[in-house]
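Engineer: The structure follows.
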Amino acid sequence: MDKQIVIGKIIAPHGVRGEFRLMPLTDFPERYLTMKKLLLASGKELTVVKARFHKNMVLVVAEEINSMDEAELLRGEKIVVNTKDLPPLQEGRFYVADLIGFNVTTLTGEEVGKLSDVITTGSSDVFVVKSAEGKDIMIPAIDTHIKKIDTNGRTIMVVLPQWID
């Protein structure tokens, strides 16, 4: 089965006719303007009649949702996309879901752990590496520390920050 990636979350109804607000959780929010279907994490599929941006949210009219009460039932639902349907990335860019589980080592080959999460911050992402001892190690995802990502070998080579002992 194909992996699914969360690309949005339904926040609340908008108006009384079934339109709802969706918070984009993607680097490509403009995709919502051309999507014909929304796949919910619950497995339900909605047919998009109209989508538009409004105050950093996407307002969606779906064929299956005709009232504020029906839209309310969608509150908190996550919008997913199958990984095969993701747009291609530029060279050197990766989808987080593709990197989770990669072995993380130093340039000298010392095992640091496995990538367990990526935290998005205002300035740069932070790689969360779970060590063999179960400790979370935070490594800024910048060129100073992330030296090589080998997708074939499923490894990430890093230079650890000075504050990590």
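What follows draws every value from the coordinates through simple rules; no lab data is involved. As the structure is a computational prediction, the values presented were derived from the model and not from experiment. Note that each Cβ is placed from the backbone with ideal geometry, even for glycine, and that neighbours are counted across all protein chains shown.
Engineer: Based solely on C-alpha atoms, express the radius of gyration and the Dmax of region 61-110 in angstrom.
Structural biologist: 19.4, 60
Engineer: A follow-up question, please. Consider just the alpha-carbon atoms of region 96-158 and return their Rg together with their Dmax, both in angstrom.
Structural biologist: 10.7, 31
Engineer: Using the scaling law 2.2 N^0.38 Å as the reference, what is the normalised Cα Rg of region 4-85?
Structural biologist: Values: Rg = 11.4 Å, N = 82, 2.2 N^0.38 = 11.7 Å.
For region 4-85, the normalised Cα radius of gyration comes out at 0.97.
Engineer: Select from region 61-165 those GluC sites (Glu not before Pro) which occupy a DSSP coil region and have at most 14 other Cβ atoms within 10 Å, ordered by residue number.
Structural biologist: Details: sites: GLU63, GLU64, GLU70, GLU72, GLU77, GLU91, GLU110, GLU111, GLU133; in loops: GLU63, GLU64, GLU77, GLU91, GLU110, GLU133.
Sites meeting the loop and neighbour criteria: GLU63, GLU64, GLU91, GLU110, GLU133.
Engineer: Per DSSP H run of n ≥ 4, the term is -39500 (n - 2.57); total these for the chain, divide by its residue number, and report the mean residue ellipticity at 222 nm rounded to 500 deg cm²/dmol. Please list the in-between numbers first.
Structural biologist: Details: 2 runs with 9 residues, N = 165.
Counting only the DSSP helices, I get -1000 deg cm²/dmol.
Engineer: Considering the alpha-carbon set of the chain alone, what are its Rg and its Dmax in angstrom?
Structural biologist: When restricted to the Cα atoms of the chain, Rg and Dmax are 19.4, 61 Å.
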